[in-house]
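The values are calculated or read from the model by the stated rules, or taken from the named source; none is laboratory data. Not measured: the values here are computed from a predicted model. Quick reminder, even Gly has a Cβ in these numbers, built from the backbone with ideal geometry, and neighbours come from all protein chains shown. Side chains are part of the model used for accessible areas, which takes the heavy atoms of the whole protein and leaves out ligands, DNA and RNA. Shrake-Rupley method; radii C 1.70, N 1.55, O 1.52, S 1.80 Å.
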Amino acid sequence: MMKNGIVFALLAGAIWGGVILGPSLLPEFNAVLISSVRFALYGLISLAVALPMASHLCSQLTRSDVGMLLRLSLTGNVLNYALLGASVQLSGVTAASLINGIMPVAITFLGRADVGSLAIGKLKLPLLMVFLGIVSISLEHAGSHSSNVALSSQLLGLACGFCGVVSWSWYATHNARYLKQSRFNSSEWSTLLGIATGTVAVAFGLGAWLLFPNLIPANIESSRWADFLWVCLFLALFGSWVANGLWNACSRRMAASLSGQMIVFETLFACVYGFLYAQRLPSVLELVSIALLVGGVVWAARRHRVPNVNLERPA
């Protein structure tokens with residue numbers, strides 16, 4: 001059901017809104033290291049969850065499933081968060097969030113041929129509202145903060161952000177397509193994806209460490225290492241295992257041309273958390289921006305009036 005899908009997307013966005021701030025809390029740690037440890041922990045959590053149903057999952061798993069799981073793990077999790085983390089650390093949270101504003105448009109474009117999706121022409125105005133909302137709220141935030149970051153670092157951060165958008169858009173589109181014809185329900189698929197992601201994360205991290213021995217920073221206080229592990233554990237448990245399961249449930253219940261726009265909830269919640277942290281109310285322009293975001297998503301949802309078949313099996 002489409003309404004249930006929106007609820008799942010809302011909950012996932014509430015979690016991901018905090019996840020995007022993770023790299024900024026650990027500036028002395030490389031984004032690749034943060035991503036590798038986060039998803040290695042995600043793999044361990046998923047493996048523990050999978051043990052009671054291991055025989056059932058193994059009997060259902062095919063070579064095609066394994067190949068898709070590995071591709072999704074790399075593009076949607078390990079590589080994507082490494083790129084996002086680099087973008088946040090090099091160009092700032094604001095610039096990274098602005099680039100993420102392209103995500104709804106990219107996902108809708110990639111999923112335009114999927115069953116149940118609307119033509120791009122019928123969604124251009126809702127998409128424009130969403131994009132303008134993200135641009136305006138990001139520019140409002142940028143205008144109130146000076147940046148001492150070098151231009152070369154900003155440009156590299158922007159490049160990482162754009163690559164991250166491409167990576168996650170490919171993941172979101174192909175994951176939704178595969179889920180709709182999969183034998184696994186959302187919880188099972190999220191668990192399998194977690195195990196595959198953990199495997200990819202360990203290989204990715206080891207490979208990066210062999211190529212760049214200074215990946216693990218030296219002269220870091222033990223208290224900061226403790227902070228690093230706690231942040232990575234939060235990202236693994238809530239940002240990956242819980243949120244990915246919610247997003248999978250959303251993806252099964254709605255067309256790609258609508259589910260792609262649900263990612264704006266991540267930006268909305270990131271703004272709310274920022275207001276709470278700063279202990280202030282939003283400005284007039286920020287309220288207008290949020291209204292554009294919500295209005296664009298609601299408008300798009302109203303245009304998807306064709307009933308969708310609920311393909312979700314009980315968890």
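Data table
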read-out: Using a Förster distance of 35 Å, the FRET efficiency for Val284-Val166 (Cβ separation, nearest 0.05); value: 0.55
read-out: Full-stretch length increase - Arg63, Val135 - with 0.36 nm per residue and alpha-carbon distance subtracted; value: 21.7 nm
read-out: Accessible area per residue, Å², region 1-90 with all protein chains present, probe 1.4 Å; value: 42
read-out: Counted charge near Leu26, where neighbours are those whose Cβ lies closer than 9 Å (Asp, Glu -1; Lys, Arg +1); value: -1
read-out: Set of lysines with alpha-carbon distance to Lys180 below 25 Å, sequence-local pairs under 8 removed; value: Lys3, Lys122
read-out: Glu221 accessible area, 1.4 Å probe, all protein chains in place, Å² to nearest 10; value: 130
read-out: Net lengthening on full extension, Ser223/Trp209 (0.36 nm per residue, minus Cα-Cα); value: 2.8 nm
